[in-house]
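Have a look at the structure below before the remarks.
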Amino acid sequence: MQDLALAKVLDIQYPIIVAPMFLVSNEAMLIAACEFGATAAVPSLNYRTPEELRKALRRVRSATNKAFGVNLIVNKSNIHMQEHLKICLEEGVDYFITSLGNPKQVIEESHKQGVKVFCDVVDEKYAKKVVDLGCDGLVAVNSGAGGHAGSIPVTVLVPMLKEKFPGVPVISAGGIANGKALLAVEVLGADGFQIGTPFIATKEAPVSEEYKKAIIDYHAEDVVMTSKLSGTPCTVIATDYVKKIGTEQNPIEKFLNENRQLKKYAKMLTHYKGMKLLENAAFQASYKSVWCAGPSLEFSKEISSVKDILQSLVHSYEEEKNSRFSRPAKL
Ligand SMILES: Cc1cc2nc3c(=O)[nH]c(=O)nc-3n(C[C@H](O)[C@H](O)[C@H](O)COP(=O)(O)O)c2cc1C
């Protein structure tokens, strides 16, 4: 995998991004991934104030000269976007991962400083938009991803984007938790990998032990989509609390979210309440357990470290590759 495009573009050994995860990613995860020879990105919104973001980026930059990134939400809901972009560029971030909205400004300003921009995409239409804007790669978020998953399976999404946009690196995001998956996605044509869920159950992650334990105890079939947290459906573990509140907006919420005059405020309220729920559940024991994760939690067996997970991914990938592709050809 070391010769895949992402490794070359970022000058790293392994083309693996430890994914940006709201409330979960932190400086320790970034530094551990970089030290291993991979990379990681943190959502700028994980920091409450611009000063906290700046300090965190300085800590990472002083600990490593390897490439690390920041995830910027580029739609109107992120009122801090301009300031965060400026801080990241001043503090020497190597790349951005943009999600939602229009990344035009991020691409233009980053390229002036040689900073790369990868854009989250879930379909061809949006991919075309960001390729036309000049992005440096597509993060292809498939239907098996944790968070705001796409609707297209990896077996279709990656080959489709490679075919439609030749020469544009495609980083596959969703459902990767072992060497078999890495190899399979490489065979599909991916130029790099973005992996989130397995890194929630790590000693570096700042979230509660209950959340980490849930990643280990629950199974793939326990992961469901909810539209209760924001306008965009998101994957969560079906805890008793999630089952109790349901995963669909109730008729009043639906009415308000569709009403022409009120929908702007209703969406803001849903988003605010959803983020508060996630935040409270992420950091403390609470019966209101709303934990975001993807179905690849199936393969998490213990609380580990970022380095150990990366090591095991690379090791199992190499074993798999050797056992499958170095057999003598049958006549
Ligand atoms: C807990 C959690 C939080 C996430 N938060 C964000 C986020 O803030 N921004 C973003 O672009 N993607 C976010 N994602 C998506 C990841 O960046 C990544 O694409 C996804 O985790 C890949 O799928 P996997 O979890 O199956 O590895 C999140 C995913 C999870 C599991």
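Within the listed set Val168, Val18, Val42, the Gaussian network model of the chain (springs between alpha-carbon atoms below 10 Å) gives the highest mean-square fluctuation for Val168.
Our helix-only sum for the chain, with -39,500 (n - 2.57) per DSSP H run of n ≥ 4 divided by its residues, gives a mean residue ellipticity at 222 nm of -13000 deg cm²/dmol. In summary, the lysines within cross-link reach of Lys129, defined as a Cα separation below 19 angstrom excluding same-chain residues under 8 places away, comprise Lys76, Lys104, Lys116, Lys162, Lys164. Remark: the range 30-84 carries 47 Å² of accessible area per residue (probe radius 1.4 Å; ligands, DNA and RNA excluded).
Computed from backbone phi, the HN-Hα couplings of the range 168-174 come to 9, x, 10, 9, 8, 10, x Hz, rounded to whole numbers (Karplus: 6.51 cos²θ - 1.76 cosθ + 1.60, θ = phi - 60°; Gly and Pro given as x).
Within the listed set Ile16, Ile73, Ile171, the residue fluctuating most in the Gaussian network model of the chain (springs between alpha-carbon atoms under 10 angstrom) is Ile73.
What do you get for chymotrypsin sites (Phe, Trp or Tyr not before Pro) in the range 278-324 restricted to DSSP loop and a cutoff of at most 14 other Cβ within 10 Å of the site's Cβ?
Tyr287
Dividing the convex hull volume of the alpha-carbon atoms in the range 272-331 by its residue count gives 140 Å³ per residue.
Near the amide H of Asn71, within less than 5 Å, lie the amide hydrogens of Val42, Ser44, Ile97, all on another chain or at least 5 residues away, with H placed in the peptide plane.
Rounded to whole numbers, the Karplus 3J(HN,Hα) couplings from phi for the range 81-88 are 3, 4, 5, 5, 4, 4, 4, 4 Hz, using 6.51 cos²θ - 1.76 cosθ + 1.60 with θ = phi - 60°, and x at Gly and Pro. Over the range 219-292, the hull volume per residue, using the convex hull of the C-alpha atoms, is 79 Å³. I want the local charge near Lys273. Using Cβ-Cβ distances under 13 Å, sum +1 for each Lys or Arg and -1 for each Asp or Glu among the other residues. Here the charged neighbours net out to +2.
By the Stokes-Einstein formula, at 0.692 mPa s and 37 °C, the range 158-213 with its Kirkwood radius over alpha-carbon pairs has D equal to 256 µm²/s. Rolling a 1.4 angstrom probe over the protein heavy atoms with all chains in place gives the range 219-292 an accessible area of 63 Å² per residue. Considering all C-alpha pairs of the range 1-147, those separated by over 18 Å amount to 54%.
Sorting 224-236, 77-89 by their mean Cβ neighbour count within 10 Å, with the most densely packed peptide first, gives 224-236, 77-89. The range 249-271 and the range 183-208 have their alpha-carbon centroids 34 Å apart. For the range 222-263, the alpha carbon convex hull comes to 57 Å³ per residue, rounded to a whole number.
Leaving out ligands, DNA and RNA, and with a 1.4 Å probe, what % of the accessible surface on the chain is carbon or sulfur?
54 percent
Each Cα pair under 8 Å and six or more residues apart adds its separation to the average, and for the chain the resulting relative contact order is 16 percent. Each other residue within a Cβ distance under 15 Å of Ala145 adds +1 if Lys or Arg and -1 if Asp or Glu, for a net charge of -3. Sorting the Cα pairs of the chain by distance into bins of 20 Å, from 0 upward, gives 32, 60, 7, 0 percent per bin.
The values are calculated or read from the model by the stated rules, or taken from the named source; none is laboratory data. If you're wondering where the values come from, they're calculated on a predicted model, not measured in any experiment. Cβ atoms come from the backbone with ideal geometry, glycine included; neighbour counts cover every protein chain shown. Heads up: the accessible areas ignore ligands, DNA and RNA and are worked out on the full protein's heavy atoms, side chains in. Shrake-Rupley method; radii C 1.70, N 1.55, O 1.52, S 1.80 Å.
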